[in-house]
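Student: Got a structure for you, written out below as structure tokens; questions coming shortly.
The values are calculated or read from the model by the stated rules, or taken from the named source; none is laboratory data. Bear in mind that the values here come from a model prediction, so they are computed numbers and not experimental data. Cβ placement follows ideal geometry from the backbone for every residue including glycine, while neighbour counts extend to all protein chains displayed. In case anyone asks, the SASA skips ligands and DNA or RNA and just uses the protein heavy atoms, side chains included. Shrake-Rupley method; radii C 1.70, N 1.55, O 1.52, S 1.80 Å.
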Amino acid sequence: MSITIKEIGESLKRAGMLETIPLCVYGQNSIPEDAVPMVSIDPCAAKAMFLATTDKNIPPLYMGQDCLKGVCMGGITWLGFAKKISPYIRYFVSTGHENFREGDAEYLKASPEIFDKFKESIGEITPPGKYLVVRSCDDFPEEELYTEGSDFRSVLCLGNAQQIRNLCSLIHFRTENPFQSIIAPFGPACATMITYPAHMAQNTPENAAFIGPVDPTGNSWFPTDYMALGIPLDIAMDMCHDLEKSFAVKRPEVAYPSQNDLKLD
């Protein structure tokens, strides 16, 4: 790589004027020495990652087959550590079934059949290594890139609406087709943050970043004024290279106007 993971993180933080910590997502066949199981922070992988972006004291996080106890079943499936799901999930996500959780449902899909088509469109989900690792870009040890089995995939940024809008605009600095580069797909928060941008799902679109989450079941803990942006490695590298030539540096007063300058009609 022509730039380091730390430099990528610093560039994205500068471009978005982020107050949160950009996280890098990668696979590895061994557990980093300073890492702790993701479930030790929270049973929900997405919430654990959110906490890691806001607290510099949280160590690197990992997930693997040997540390799934207590992890949200949806997260286990969406992060590729379970290949089979309950046949009743298609009902739970849609209209409910009397034989599953007393008919309780999330009503996220119009019918079980639509959920089936959605699941088919995703394809098989495969972790990037024996262990899925998420850690701050700031303290990423570059030697990890050369550890056997290491597979760096993506970067996760969280911020308020203005910050994420500007990061999206930086992605568009070099796009030719404006309709394919940033997608807000259906799926749980962990899919927006990890599965899609890390290209763990078989049918993930190429050359796209992922914004969200669009799953309302996370609204109880996800801040109302925040959004997540999952960025594949190649796009994050382009953003880093483009920063100095872009509006974020050339016209910061436009990207981040003083609050006193904001006018609402």
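Student: How much of the accessible area of the stretch 80-123, in percent, comes from carbon and sulfur atoms when a 1.4 Å probe is used?
Tutor: Working: 1470 of 2900 Å².
That share works out to 51 percent.
Student: With all protein chains present, calculate the accessible area of Asp104 using a 1.4 Å probe and round the result to the nearest 10 Å².
Tutor: Spelled out: Asp104, probe radius 1.4 Å, area about 80 Å².
Student: Rounded, prolate or oblate: pick one for the stretch 180-249, where a ≥ b ≥ c are the square roots of the eigenvalues of its C-alpha gyration tensor, a/c under 1.5 means rounded, and failing that, prolate if a/b is larger than b/c, else oblate.
Tutor: oblate
Student: Using DSSP to call loops (not H, G, I, E or B), can you name the GluC sites (Glu not before Pro) in the stretch 1-108 whose Cβ has at most 12 other Cβ atoms within 10 angstrom? Kindly include the intermediate steps, with their values, before the conclusion.
Tutor: On the way: sites: Glu7, Glu10, Glu19, Glu33, Glu98, Glu102, Glu106; in loops: Glu19, Glu33, Glu98, Glu106.
Qualifying residues, ordered by number: Glu19, Glu33, Glu98.
Student: Using only alpha carbon positions, build the gyration tensor of the chain, then give the equivalent ellipsoid semi-axes as the square roots of 5 times its eigenvalues, largest first, whole angstrom.
Tutor: Value: 30, 23, 17 Å, ordered largest first.
Student: How large is the charge dipole for the stretch 80-123, taken about the Cα centre, if only the Cβ atoms of Lys, Arg (+1) and Asp, Glu (-1) carry charge, to the nearest 20 debye?
Tutor: Dipole magnitude for the stretch 80-123 comes out near 260 debye.
Student: Taking the Cα atoms only, what angle lies between the long axis of helix 5-16 and the longest principal axis of the chain, rounded to 10 degrees?
Tutor: Here the helix axis deviates by roughly 80 degrees.
Student: Evaluate the charge dipole of the chain about its Cα centre and quote only its size in Debye, nearest 20, assuming +1 on the Cβ of each Lys and Arg and -1 on the Cβ of each Asp and Glu.
Tutor: Once rounded to the nearest 20, the dipole reads 380 debye.
Student: Roughly what would the spin-label model give for Lys69 and Lys84, points 7 Å off Cα along C-beta, in nm?
Tutor: Using points 7 Å along Cα→Cβ, the separation is 2.2 nm.
Student: Which one, Pro37, Ser150, Asn166, is farthest towards the positive end of the dipole of the chain when Lys and Arg carry +1 and Asp and Glu -1 on their Cβ?
Tutor: Asn166
Student: Also, I was wondering about something else. Pull out the extension gain between Asp34 and Phe179, defined as 0.36 nm times the separation in residues minus the alpha carbon to alpha carbon distance; nm, one decimal. Display every interim value, and only then the final one.
Tutor: Numbers: separation 145, 0.36 × 145 = 52.20 nm, distance 4.06 nm.
Extending this stretch completely gives an extra 48.1 nm.
Student: Work out the charge dipole of the stretch 80-123 with +1 on the Cβ of Lys and Arg and -1 on the Cβ of Asp and Glu about the Cα centre, then indicate which of Phe118, Tyr91, Ala105 is farthest towards its positive end.
Tutor: Final value for the positive-end residue is Phe118.
Student: Right, another one. Return the calculated 222 nm mean residue ellipticity for the chain, to the nearest 500 deg cm²/dmol, obtained by summing -39500 (n - 2.57) across DSSP H runs with n ≥ 4 and dividing by the residue count.
Tutor: On the way: 9 runs with 72 residues, N = 265.
Rounded to the nearest 500, it is -7500 deg cm²/dmol.
Student: Taking the stretch 80-123, how much of its Cα-Cα pair set, in percent, is spaced more than 15 angstrom apart? Before the final figure, lay out the partial values.
Tutor: Values: 393 of 946 pairs.
Beyond 15 Å sits 42 percent of the P(r) for the stretch 80-123.
Student: Can you give me the distance in nm between label points at Arg165 and Thr217, each placed 7 Å from the Cα along the Cα-to-Cβ direction?
Tutor: Inter-label distance under the simple model: 3.1 nm.
Student: With only Lys, Arg, Asp and Glu charged, each at its Cβ (+1 for the first two, -1 for the last two), find how big the charge dipole of the stretch 1-64 is about the Cα centre; round to the nearest 20 debye.
Tutor: Roughly 140 debye, rounded to the nearest 20.
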